Amino acid sequence: MKSKKVLLWVIAVTVFPGVISAQLVKEEKKPHRSPLLSVCFSAALPGGGQLYTQQYLKAAVFAGGLGYLGYCYNREDQAAIGNLVQDDYNYHDQRRRKYKWWFIGIWTLSLADAYVDAHMFKFDEHGEPDLSLQVAPGSVALVKRF
């Protein structure tokens, strides 16, 4: 009796492998990431939103880039304040404004990136598209199913 059950199980596994394996293997679900919370983290801490969405390399790039731009702004600010010559002051003031605008632009980009990463967090980038070719008399169609 036991050998019949084992034989039936082996036949079922070989004939219907997709059905049985789909029932046995539970699908791993990724947790949801809030886009608003991600933007708030990114606004409070450079790269915080990227850390929240588990994009660690992007977080390091944004934090390093914004830290460098902040350092350059501070350096030019100190040089502009301590300079009494008008031409030198104008030169450092212009560079200071340039670093400030770059900082604002990169910071805004980090906010937008955190928002998009949170929306796309559950997206399966390695999933295969469900494409099929339908042939009918007089026509051929490529169909995408969602």
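The values are calculated or read from the model by the stated rules, or taken from the named source; none is laboratory data. Worth saying up front: this structure is predicted, and the values here are computed from it rather than measured. Here the Cβ is made from the backbone with ideal geometry for all residues, glycine too, and neighbour counts use every protein chain on show.
Quick test of your reading of the structure: ASP113 fulfils all but one of (1) closer than 16 Å to SER42 by Cβ; (2) free of Cβ contacts under 8 Å to residues at least 60 places away in the same chain. Name the failing condition by number.
Checking ASP113 against (1) closer than 16 Å to SER42 by Cβ; (2) free of Cβ contacts under 8 Å to residues at least 60 places away in the same chain, the one that fails is (2).
May I ask you to verify whether ARG95 is surrounded by 14 or more Cβ atoms within 10 Å (Cβ to Cβ), touching a residue at least 12 places away in the same chain (Cβ under 8 Å) and assigned to a helix (DSSP H, G or I)?
Judged against the criteria, ARG95 is a match.
Which pairs turn up if I take residues in the range 60-81 that are touching a residue at least 40 places away in the same chain (Cβ under 8 Å) and look for partners that are aromatic (Phe, Trp, Tyr) and part of a helix (DSSP H, G or I) with beta carbon separation below 7 Å, at least 6 apart in sequence or on another chain?
Partner pairs satisfying both residue conditions: LEU66/PHE103; LEU66/TRP107.
Which ones in the range 67-92 are under 24 Å from ASP117 (Cβ atoms) and surrounded by 18 or more Cβ atoms within 10 Å (Cβ to Cβ)?
LEU69, the sole residue that qualifies.
Is it the case, given these coordinates, that ASN83 is assigned to a helix (DSSP H, G or I), more than 30 Å from the chain's Cα centre (by Cα) and not hydroxyl-bearing (Ser, Thr, Tyr)?
For ASN83, the condition - assigned to a helix (DSSP H, G or I), more than 30 Å from the chain's Cα centre (by Cα) and not hydroxyl-bearing (Ser, Thr, Tyr) - is not met.
Which pairs turn up if I take residues in the range 119-144 that are closer than 30 Å to GLY49 by Cβ and look for partners that are modelled with pLDDT of 75 or more and surrounded by 10 or more Cβ atoms within 10 Å (Cβ to Cβ) with beta carbon separation below 6 Å, at least 6 apart in sequence or on another chain?
Sorted first by the residue in the range 119-144, then by its partner, the pairs are HIS119/PRO35; PHE121/ARG33; PHE121/THR53.
Within the group LEU69, LEU51, which residue is in a helix (DSSP H, G or I), at pLDDT below 95 and either at positive phi or among the hydrophobic types (A, V, I, L, M, F, W, C) (or both)?
LEU51
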